[in-house]
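In what follows, a structure is listed as structure tokens, so that the remarks can point back to it.
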Amino acid sequence: MDITLLDVLCFIWFFFCWIGYSTFARRAAKKTNTLSSVLYSFRKEWVQKLTLTGMSEVDAELLASLEKQVSFFASTSLLILASLVTVVSTSSEVFMNLSTLSFVTAVSIQIIQMKLMLLIVIFAYAFFTFTWSMRQYGFCFILFGSSFHTVKYYKEAPNFRATFVDRDFKAMAKVLDRAAHSYNYGLRAYYFALAALAWFINSWVFMFACACIVLVLYRREFKSSTVQALIMSRRIIPADKDQDVETRPDE
């Protein structure tokens with residue numbers, strides 16, 4: 001098997017970009033406003049609202065829609081895995097034809113199969129991550145159902161209370177947040193799988209694609225207009241409009 005030093009460096013660079021960015025994003029979220037940290041604040045406020053109003057049909061639908069999104073990607077991951085396994089058995093016929101293109105580096109069939117195996121590992125990881133996210137959303141259904149009265153059935157009852165047991169609602173919000181984090185990890189796997197596809201062209205394009213994916217993820221999670229809008233939505237403009245006052249939930 002003709003594995004070159006450049007192939008080894010590409011493999012190390014790929015995981016350095018993926019793991020390095022994930023570590024950076026997790027630590028940065030504790031120090032500055034990011035997409036994940038701002039959304040965590042909203043999730044805490046959502047749970048705090050349920051302690052006062054109870055669980056409405058709208059809240060149940062919102063939680064169910066989140067689980068459906070994850071379910072879609074989990075099913076898609078299985079389909080992609082099945083396709084990749086099929087392609088591995090026919091890689092000699094499919095990918096060797098790419099070498100006729102001037103910008104594609106010709107490599108042996110064993111190297112092509114190794115690159116396909118990398119994609120299989122990525123999407124297998126994505127599948128397990130998405131299914132874990134689904135399970136965590138299921139845990140949220142159980143937590144919310146056991147903790148909050150349902151408005152439709154209890155609102156008109158005498159002495160109505162939104163909650164009937166004492167819970168650590170911050171911990172409940174944390175479970176909801178962890179489900180969202182698992183979903184986010186699965187999406188990152190899809191992003192880096194796109195970068196891995198560039199390896200079939202040549203190693204330099206692959207390394208450049210990895211760097212571009214990191215840049216795109218950083219831009220969307222830290223500097224995007226959506227993040228800024230989410231941050232501004234948690235600000236209250238005073239009556240005199242002289243200054244903005246940011247309101248934060250109690251930690």
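The values are calculated or read from the model by the stated rules, or taken from the named source; none is laboratory data. Source: prediction; values computed, not measured. Because the Cβ atoms are built from the backbone with ideal geometry, glycine has one as well, and the counts that use them run over all protein chains shown.
What to note about this one:
- Residue satisfying all of: in the range 194-222; under 17 Å from the mean Cα position of the chain (by Cα) and free of Cβ contacts under 8 Å to residues at least 60 places away in the same chain; nearest to Ala28 (Cα to Cα) among these: Arg219
- Residue in the range 180-215 that is farthest from Lys44 (Cα to Cα), counting only those that are of a type in the set (Val, Ile, Thr) and modelled with pLDDT under 95: Ile201
- Candidate set from the range 103-126 (those that are of a type in the set (Ser, Thr, Tyr) and closer than 21 Å to Ile3 by Cα); member that is modelled with the highest pLDDT: Ser108
Yes or no, residue by residue, for (1) closer than 16 Å to Ser147 by Cβ; (2) at pLDDT below 85:
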site	(1), (2)
Asp2	no, yes
Cys10	no, no
Phe16	no, no
Ser41	no, no
Thr51	yes, yes
Gly54	yes, yes
Leu66	no, no
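- Here Phe72 meets each of (1) modelled with pLDDT of 90 or more; (2) surrounded by 14 or more Cβ atoms within 10 Å (Cβ to Cβ) with one exception, condition (2).
The rows are residues; the columns are (1) small (Gly, Ala, Ser); (2) touching a Leu at 6+ places or on another chain (Cβ under 9 Å); (3) farther than 24 Å from Leu194 by Cα.
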site: Phe24; (1), (2), (3): no, no, no
site: Lys49; (1), (2), (3): no, no, yes
site: Leu52; (1), (2), (3): no, no, yes
site: Val58; (1), (2), (3): no, no, yes
site: Ala64; (1), (2), (3): yes, no, yes
site: Ala74; (1), (2), (3): yes, no, no
site: Leu79; (1), (2), (3): no, no, no
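- Cβ separations smaller than 6 Å between residues 6+ apart or across chains give the following pairs from the range 166-190 residues that are part of a loop (DSSP other than H, G, I, E, B) to residues that are modelled with pLDDT under 90: Arg167/Ser147.
- Matching residues in the range 1-27 - criterion: being surrounded by 17 or more Cβ atoms within 10 Å (Cβ to Cβ) and under 21 Å from the mean Cα position of the chain (by Cα): Phe14, Cys17, Trp18, Tyr21, Ala25
- Residue ID - nearest to Leu79 (Cα to Cα), chosen from residues in the range 130-170 that are of a type in the set (Gly, Ala, Ser) and modelled with pLDDT under 80: Ala162
- Just one of the listed residues (Val47, Val8) is without any contact (Cβ under 8 Å) to a residue 40 or more places away in the chain and aliphatic (A, V, I, L, M), namely Val8.
- Qualifying residue in the range 23-30 (condition: in contact (Cβ under 8 Å) with a residue 24 or more places away in the chain and touching a Phe, Trp or Tyr at 6+ places or on another chain (Cβ under 9 Å)): yes
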